[in-house]
Amino acid sequence: MARISEDRRRSLLLNAATAGRPVEITYLCAKDGDEVEVRTIEIHEMWASLDGHWCIRAYCRLRGEMRTFRLDRIVSHRTRRLTWTGPTPCVSPMFSLFGRPTRTAYDREETYRASGMLAGARERINRSSVLDFLTRAHGAGQLVEISYDSEEHGTADRHLLEIRDIRKAARGNGRIITVRPADGDAFVLRLADITAARVPVRGDLTDAA
């Protein structure tokens, strides 16, 4: 049987996580691929790292603790109809496992934004793709139309900006983008504040949103 693509496996693993199903994986533990283990995991999070690898944070039944796995090292997998035994993923008060509303959610006066695993995965994917897009645009010296929602600078829709610098934030894993408009002074945006970005001329770069 041919090995499925990484995109297809990622989609299947997300479906299993959404259904709250543990997954049995055949995993290459060593970097050189010599050591192979079969493990049953309960997926909590999935994100794209800055070096281009997809990472999975899951409860490993073999080790009895949370572990991080790389998607490209999973040789095969199958979804198991087993009871979830590990810790419950961290979600907002209104949402239960993987963002499904709890029975008491509708009795609350407040409202909460879905922050289950899938919402977190989408947010990480978006930030990773935008960061990659801005890094390439910066390296090519191209102006970028950026939309952002910042407490300090307000909300902007498609401002044409020159990227002056991209650096890691002093705290956490966020990124700080220094930009300058054609008719103004340079200012700083957080990567998390950027909602969309595109190069306004036809070229090698594509939109990021």
Can you tell me which condition Tyr148 does not meet? The list is (1) touching a residue at least 40 places away in the same chain (Cβ under 8 Å); (2) assigned to a strand (DSSP E or B); (3) under 26 Å from Asp51 (Cα atoms); (4) open to solvent by 60 Å² or more (accessible area, probe 1.4 Å), and all the others hold.
(4)
Of the conditions (1) outside any loop (DSSP other than H, G, I, E, B); (2) free of Cβ contacts under 8 Å to residues at least 24 places away in the same chain, Arg171 satisfies every one except a single condition; which number is it?
(1)
So, in segment 9-42, how many residues would count as being within 23 Å of the chain's Cα centre (by Cα) and of a type in the set (Asp, Glu)?
2
Can you spot a residue in segment 183-202 that is on the phi > 0 side of the Ramachandran plot, open to solvent by 20 Å² or more (accessible area, probe 1.4 Å) and either of a type in the set (D, E, K, R) or modelled with pLDDT under 85 (or both)?
no
Select from segment 35-93 the residues that are closer than 16 Å to Leu12 by Cβ and hydroxyl-bearing (Ser, Thr, Tyr) and write down the one among them that is most open to solvent (accessible area, probe 1.4 Å).
Thr79
Take the residues in segment 126-141 that are in contact (Cβ under 8 Å) with a residue 60 or more places away in the chain and small (Gly, Ala, Ser), then tell me which one is surrounded by the fewest Cβ atoms within 10 Å (Cβ to Cβ).
Ala140
Examine segment 15-30 for a residue that is part of a helix (DSSP H, G or I) and open to solvent by 20 Å² or more (accessible area, probe 1.4 Å), and state whether such a residue exists.
yes
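The values are calculated or read from the model by the stated rules, or taken from the named source; none is laboratory data. All values derive from a computational prediction rather than experimental measurement. Ideal geometry is used to build each Cβ from the backbone, glycine not excepted, and the neighbour counts take in all protein chains shown. Note: accessible area is taken over every heavy atom of the protein model, side chains too, but ligands, DNA and RNA are not part of it. Shrake-Rupley method; radii C 1.70, N 1.55, O 1.52, S 1.80 Å.
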